[in-house]
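To start, the structure itself, in structure tokens.
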Amino acid sequence: MSSCQENIVLIGFMGTGKSTVGKHIAQKTGRVFVDADYEIERLEHMPISDIFSVKGEKYFRDKETAVIKELVQHQNTVIATGGGAVLRSENIRHLRQTGVIIHLKADVETILRNTAKDTKRPLLQANDVKARIVSMLAQRQPYYEQHDYEVDVSHLTVEQIVDAIIQHTKGGRIKDAII
Ligand code: S3P
């Protein structure tokens, strides 16, 4: 694969802006944007919250792995993953084969603000959402460490985040990309 066709993969906790940032990067770099969660919902004909409640998390995770396997067949793509995609080493292995893995990191307050009043994320439907985020972030931290590059998005605009990632990918593994 020539480096200009390499994919950009976004990982990170819920509410860190993976889809928004991904769409902007795709537009600016001439890549196609794909969202793993959207693909799962499309294939299953139901929203993720229903998949969790009707079929269970294990079923969702299996679909997530299948969708990731499919998405990595494509080149010249920006792939936004769901926040839990990092939990299976198999997913990371596939994603890494196809491109550079960028972690969008955020502090608890930012995540809380971005997910306030959210009803679409089953794992954040808790009485104490902040406590849930704190404990999930701590548990997942080692998994998010599997990135090639990390941007702390907490105090940055979307434009600044996008620019940081594009700068990095220019000088990094996809340095020959036409961006
Ligand atoms: C999940 C994150 C969600 C979605 C599902 C599970 C997680 O995606 O895949 O609700 O385990 O963190 P976003 O990160 O896009 O919200």
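Key figures for this structure:
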quantity: Local electrostatic count, V86, Cβ distance below 10 Å [Lys/Arg +1, Asp/Glu -1]; calculated: +1
quantity: Using alpha carbons only: equivalent-ellipsoid semi-axes of the range 2-103, gyration tensor based, whole Å; calculated: 23, 14, 12
quantity: Equivalent ellipsoid dimensions for the chain as semi-axes, Å, which come from the Cα gyration tensor, largest first; calculated: 26, 19, 14
quantity: Relative contact order of the chain, pairs being alpha-carbon contacts under 8 Å that are 6 or more residues apart, as %; calculated: 34
quantity: Sequence of Y144, Y149 from largest to smallest accessible area, 1.4 Å probe; calculated: Y149, Y144
quantity: Per-residue SASA entry for H168, accessible area with 1.4 Å probe, Å² rounded to 10; calculated: 50
quantity: Residues with amide H under 5 Å from that of D107, placed H, sequence gap 5 or more; calculated: S154
quantity: Computed lengthening from D62 to R42, 0.36 nm per intervening residue step minus Cα-Cα distance; calculated: 5.7 nm
quantity: Computed over the range 86-179: relative contact order in percent, which uses C-alpha pairs under 8 Å that are six or more apart; calculated: 38
quantity: Rounded D (µm²/s) - the range 104-152, Kirkwood Rh over Cα pairs, Stokes-Einstein at 4 °C, 1.567 mPa s; calculated: 111
quantity: Förster-model FRET efficiency, 25 Å R0, A126 and L87, C-beta, rounded to 0.05; calculated: 0.85
quantity: Exposure rank, largest accessible area first [S135, S53, S154; 1.4 Å]; calculated: S53, S135, S154
quantity: Share of Cα-Cα pairs in the range 55-139 lying beyond 22 Å, as whole percent; calculated: 37
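The values are calculated or read from the model by the stated rules, or taken from the named source; none is laboratory data. Since we're looking at a predicted model, the values are computed, not measured. Reconstructed Cβ throughout: ideal geometry from the backbone, glycine too, with neighbour counts over all protein chains shown. When the accessible area is computed, the model is the full protein with side chains, heavy atoms only, and any ligands, DNA or RNA have been set aside. Shrake-Rupley method; radii C 1.70, N 1.55, O 1.52, S 1.80 Å.
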